[in-house]
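Student: Let me begin by handing over the structure; questions about it come next.
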Amino acid sequence: MEIRAATVLPARREPIELHTGDGLTLVGELAVPVDRPPAATLVTLHPLPTHGGFMDSHVYKKAANRLPALADLAVLRFNTRGTSSERGTSEGAFDGGEGERFDVAAALEFADYHDLPRVWVVGWSFGTELTLKWAHDPLVEGAILLSPPLHRATDDDLDAWARFGRPLVALVPEFDDYLRPEEARARFARVPQAEVIGVDGAKHLWVGEPYVRIALNEIVKRVNPAASPLPTEV
């Protein structure tokens, strides 16, 4: 069977709640392999909720639908404060990336408490800003950024990640609306361990199955290389 946009492969999927340090309850889902422990964990941070981003943003939904089965990964998705999806609405209100520090911390605390292995943070657009600003946690092995705008995240945040020392991979679409590969390489040059990958033909929202596959393959290549490249059929 060819893996298509709507393909959902077997996994154990459970609704979860995250509890923030400032007293909010956030809703989410954890997907893990059916019959074996995960090799690694993706904690996903979604695009801007005021522009339609949420835990079901399509790259993350497809990651949860495929990667537990294809790459032995646990995929944790959740709605940041004030964000709604089919799973429900997280308490609180959008705070422009500041109060969301508690949301990032709550997701990492959940992963730690539940002994989820080898945590990598995957941020997309607004989620990359949260990653760069708030994911400096000893639990985190590295981070992967999809379409980083470097809008809210400043050079100070990049310098902080440089000091943090963990791997940082930025997947930058050729036709991104905010930051394109050449400028991204210049901006990320202040992070010695950063790798910037320009993705030919891609746009900010990674629309189209070929671009989703590129993004998922690049994630798996870093997080569980033994499962790369991902199959296109099952």
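The values are calculated or read from the model by the stated rules, or taken from the named source; none is laboratory data. Quick caveat: nothing in here was measured; it's all calculated off a predicted structure. Neighbour counts run over all protein chains shown; Cβ positions are idealised from the backbone, glycine included. Side chains are part of the model used for accessible areas, which takes the heavy atoms of the whole protein and leaves out ligands, DNA and RNA. Shrake-Rupley method; radii C 1.70, N 1.55, O 1.52, S 1.80 Å.
Student: How big is the charge dipole of segment 1-138 about its Cα centre, in debye rounded to the nearest 20, if each Lys and Arg gets +1 on its Cβ and each Asp and Glu gets -1 on its Cβ?
Tutor: Dipole of segment 1-138, to the nearest 20 debye: 560 debye.
Student: Enter the accessible area per residue of the chain (Å², integer; probe 1.4 Å; all protein chains in place).
Tutor: Heavy-atom SASA per residue in the chain reads 42 Å².
Student: Here's a follow-up. Under the rule a/c < 1.5 gives rounded, and otherwise a/b versus b/c splits prolate from oblate, where does segment 114-216 land using the Cα gyration tensor?
Tutor: Since a/c reaches 1.5 but b/c is at least a/b, the shape of segment 114-216 is classed as oblate.
Student: Still on this structure: Going Cα to Cα from Lys221, which aspartates and glutamates come in below 19 Å? Please leave out same-chain ones fewer than 8 positions away.
Tutor: Straight-distance partners of Lys221: Asp72, Glu141, Glu195, Asp200, Glu209, Glu233.
Student: Here's another thing I want to ask about it. Binned at 10 Å from 0, what are the whole-percent values of the Cα-Cα distance distribution for the chain, short to long?
Tutor: 8, 36, 39, 16, 1
Student: How large is the helix-only mean residue ellipticity at 222 nm for the chain, computed as the sum of -39500 (n - 2.57) over DSSP H runs with n ≥ 4, divided by its residue count, in deg cm²/dmol to the nearest 500?
Tutor: Only helices count here, giving -9000 deg cm²/dmol.
Student: Sort 160-166, 73-79 for me by packing, meaning the mean count of neighbouring Cβ atoms within 10 Å per residue, highest on top.
Tutor: Descending mean neighbour count gives 73-79, 160-166.
Student: If you don't mind, there's one more thing I want to ask. Could you check the spin-label model distance between Val207 and Arg4? Points 7 Å from the Cα along Cα→Cβ, value in nm.
Tutor: The answer from the label model is 2.0 nm.
Student: Indicate, rounded to the nearest 5 percent, the antiparallel portion of the DSSP beta bridges found entirely in the chain.
Tutor: Of the beta bridges lying entirely in the chain, close to 35 percent run antiparallel.
Student: Measure off, as a whole percent, the carbon and sulfur share of the 1.4 Å-probe accessible area of the chain, all protein chains present.
Tutor: The nonpolar share, carbon plus sulfur, comes to 51 percent.
Student: A further question on this structure: Points 7 angstrom from Cα along the Cβ direction at His58 and Phe94: gap in nanometres?
Tutor: My value for the distance between the label points is 2.1 nm.
Student: Could you give log10 I(q)/I(0) at q = 0.21, 0.27 Å⁻¹ for segment 100-148, computed by the Debye formula over C-alpha point scatterers of equal weight, without solvent?
Tutor: -0.66, -1.03
Student: Could you check the simple spin-label distance between Glu195 and Ser228, using points 7 Å along Cα→Cβ, in nm with one decimal?
Tutor: Going by the 7 Å Cα→Cβ label model, 0.5 nm.
Student: Next question, about the same structure. Convex hull over the Cα atoms of segment 184-230, averaged projected area in nm²?
Tutor: Average projection, Cα convex hull of segment 184-230: 4.0 nm².
Student: Further question: Multiply the residue separation of Lys221 and Asp35 by 0.36 nm, subtract the distance between their alpha-carbon atoms, and state the gained length in nm to one decimal.
Tutor: Difference between extended and current length: 64.7 nm.
Student: While we're on this one: Of His136, Leu108, Ser147, which is farthest towards the positive pole of segment 104-152's charge dipole, taken about the Cα centre with +1 and -1 on the beta-carbons of Lys, Arg and Asp, Glu respectively?
Tutor: Ser147
Student: Over the alpha carbons of segment 19-127, what is the largest minus smallest coordinate on each principal axis, giving the biggest first in Å?
Tutor: Computed over the Cα atoms, the extents are 37, 27, 21 Å.
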